[in-house]
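The next block holds one structure in the form of structure tokens; read it before the comments.
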Amino acid sequence: MSNIDSHRRSADMFNSRDWDGFAADLAENCELVDQARDVTVKGRQQYLEFEKGWVAAFSDGRITSPRFFDAGSATVMLFTGAGRNDGPFGPFPATGRDASSPFCEVREYDADGKVVRTELYYDQLSLLVQLGHVQPPAG
């Protein structure tokens, strides 16, 4: 399977909550960096727990409108993350509100096609405003 096919598959696995399938494409020593929250997780199990944390906060959360870009040993997925906040989002309680935000996910692969690093970029402020946890900036 090509790296870009692996990335496409992972989006499908996230949406179907197929965690075994999702984990199959991760290297044991992989890491994920959430740039918006300044969080880094290391290892397959922590990576999966990070992904499941999004589902705990947005149980109907989905990757929608994905677009993929192939850069050989790296791939990029631009997508919209959407769902209803029905569980804690980090330190914030559930609000029952719907939220939708653009994301950019960059993945790097080893020679065996396993994900070794993921960097996730999104506008955390926009999400917190949509959920009612912070007021929009003036201006």
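Things worth noting here:
- Cβ charges +1 (Lys, Arg) and -1 (Asp, Glu), total dipole of the chain, debye: 320 debye
- Estimated Rh, the range 3-130: Kirkwood, alpha-carbon pairs, angstrom: 14.7 Å
- At an R0 of 30 angstrom, the distance between the Cβ atoms of Thr64 and Val129 translates into a FRET efficiency of 0.90.
- Listing Asp60, Asp34 from fewest to most neighbouring C-beta atoms within 10 Å gives Asp60, Asp34.
- The range 76-139 - Debye-derived log10 I(q)/I(0), Cα point model, q = 0.14, 0.15, 0.18, 0.25 Å⁻¹: -0.53, -0.59, -0.75, -1.05
- In this simple spin-label approximation, Phe50 and Val33 carry label points 7 Å from Cα along the Cα→Cβ vector, and these lie 1.0 nm apart.
Each value in this text was obtained by applying a stated rule to the coordinates, not by laboratory testing. Given the structure is predicted, the values throughout are model-derived calculations rather than measurements. Glycine gets a Cβ as well: all are built from the backbone with ideal geometry, and neighbour counts include every protein chain shown.
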